[in-house]
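In what follows, a single structure is set out as structure tokens and then discussed.
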Amino acid sequence: MLILFYALLIFCIIGSIIAIEIRNILASVIAAGAVGMALSILFLFLGAPDIAITQVVVEIIVLIILIRSTVSLDNTSITKHRDTFAILSSLIFFGLFLVFAFMAFQGLPKFGEPLMKVSTSYLRDSVTQTGASNVVMSIILDYRAYDTLGEATVIFTAILGAFVILRAKGKKRKEESDRVKVGIPEKEDLPEALIEVEE
Amino acid sequence: MEGMTFIVKTITRLLIGAIFLFAIYITFYGHLTPGGGFAGGIMVACGFILLTLAFGKKMSLGKLSDFWASLLDNLGAFTFWSIGMLGYIAGYYFMNFIEKSNPFGLFSAGTILASNIAICIKVGSSIFAVFMALTIFGRFISDLIAAEDED
């Protein structure tokens, strides 16, 4: 089982590199989708079926939207050359990240051993206190429901912003012209003799 | 003919009920089995997106128009917030004020079921609405349909 886990992990890394490096945008989107599906199986291995279900359905939605918007593009491949400065700086920062991540992961507790006392108390008392047999749901909708309300607000605001930006023309009526505000009638309404005088 | 081929339409007609049923199951049993309101809501949106891809936008917008989608989005968010405010009846914000019964029952977890349903309605309608807004770029959806009706 551990071999399969590490094989999926390596598949994720290779798929991510392909998604970044490949020239065709549609192939890049498909590689990103494959990485997401492998990630959902990894969540199942780690004992988190809630996250695995959410990962699968969100990945499907994202794939559909990305493919729909990629197919409608005229130019689906990148021909621009990469500059060396970007590669060099990203390599340096990636090396720094690896060093500091290695130092940080030394201090983490072993996998499956909770660090804080509160998580053991959740595992012990959640069924009797909330009545929900799914501990994850009892945490996110009972003990930490305020955080979930914040998440719902984030989604709400993001979708409101998307609606406003994707709209081409506003709902507001056109501003009245200055002539009407001051009280002068429009040019079309004036008799012809007056237009000649005005000009 | 709008939409995809005859094969896709037939398979969609067979599967769409099962997809919505599974989404409702995931939502209602979120406190007993893995799942929850967010996953169920995205499955509802997936069903509507499948209808859009298979039968064209006119059919799916006839089932759930963009006006109703944004209205349901607001209603779901408001319901979830008001469940939190109703906690003040018993004591504090977001208190689980409904009486709990024996575990492993459908109505065992108090407000968690109601919150799940509210989140499902909110997420499903809003993801569908944003999909329609993204695929029909930069135009009012109802305007587009009106323009097509005139042609």
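Numbers below:
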item: Of residues in segment B:104-130 being assigned to a loop (DSSP other than H, G, I, E, B) and within 7 Å of chain A (Cβ to nearest Cβ), the one most open to solvent (accessible area, probe 1.4 Å); result: B:PHE104
item: Filter pass, B:SER65 being within 15 Å of B:PHE131 (Cβ to Cβ) and either over 18 Å from the mean Cα position of the chain (by Cα) or among the polar types (S, T, N, Q) (or both); result: yes
item: Residue within segment A:157-164 that is more than 9 Å from chain B (Cβ to nearest Cβ) and touching a Ser or Thr at 6+ places or on another chain (Cβ under 7 Å) present; result: no
item: Residue match in segment A:94-106 (condition: assigned to a loop (DSSP other than H, G, I, E, B) and at pLDDT below 95); result: no
item: Residues (outside any loop (DSSP other than H, G, I, E, B) and either over 30 Å from the mean Cα position of the chain (by Cα) or over 17 Å from B:LEU32 (Cβ atoms) (or both)) located in segment A:123-137; result: A:LEU123, A:ARG124, A:ASP125, A:SER126, A:VAL127, A:THR128, A:GLN129, A:THR130
item: Matching entry among B:ALA39, B:ALA45 (being under 14 Å from the mean Cα position of the chain (by Cα) and without any contact (Cβ under 8 Å) to a residue 40 or more places away in the chain); result: B:ALA39
item: Some residue of segment B:8-26 being open to solvent by less than 70 Å² (accessible area, probe 1.4 Å), in a loop (DSSP other than H, G, I, E, B) and within 11 Å of chain A (Cβ to nearest Cβ); result: no
item: Residues located in segment A:155-164, provided they are open to solvent by 60 Å² or more (accessible area, probe 1.4 Å) and under 11 Å from B:ALA77 (Cβ atoms); result: A:THR157, A:LEU160
item: Residues (touching a helix residue (DSSP H, G or I) at 6+ places or on another chain (Cβ under 7 Å) and at the interface with chain A (Cβ under 9 Å from one of its Cβ atoms)) located in segment B:27-39; result: B:GLY30, B:HIS31, B:PRO34, B:GLY35, B:GLY36, B:GLY37, B:PHE38, B:ALA39
item: Output for segment B:49-87, where each listed residue is open to solvent by less than 30 Å² (accessible area, probe 1.4 Å) and either within 30 Å of B:ILE98 (Cα to Cα) or of a type in the set (Lys, Arg) (or both); result: B:ALA69, B:ASP73, B:GLY76, B:ALA77, B:PHE80, B:ILE83, B:GLY84, B:GLY87
item: Single condition B:SER101 does not satisfy, out of (1) hydroxyl-bearing (Ser, Thr, Tyr); (2) at pLDDT below 80; (3) assigned to a helix (DSSP H, G or I); result: (3)
item: Criterion (open to solvent by less than 50 Å² (accessible area, probe 1.4 Å), more than 14 Å from every other protein chain (Cβ to nearest Cβ) and either without any contact (Cβ under 8 Å) to a residue 24 or more places away in the chain or part of a helix (DSSP H, G or I) (or both)) met by exactly one of A:SER16, A:SER40, A:SER90; result: A:SER16
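The values are calculated or read from the model by the stated rules, or taken from the named source; none is laboratory data. The structure displayed is predicted, hence computed values, not measured ones. Virtual Cβ from ideal backbone geometry, glycine too; neighbours counted across all protein chains shown. The accessibility values were calculated without ligands, DNA or RNA, using every heavy atom of the protein model including side chains. Shrake-Rupley method; radii C 1.70, N 1.55, O 1.52, S 1.80 Å.
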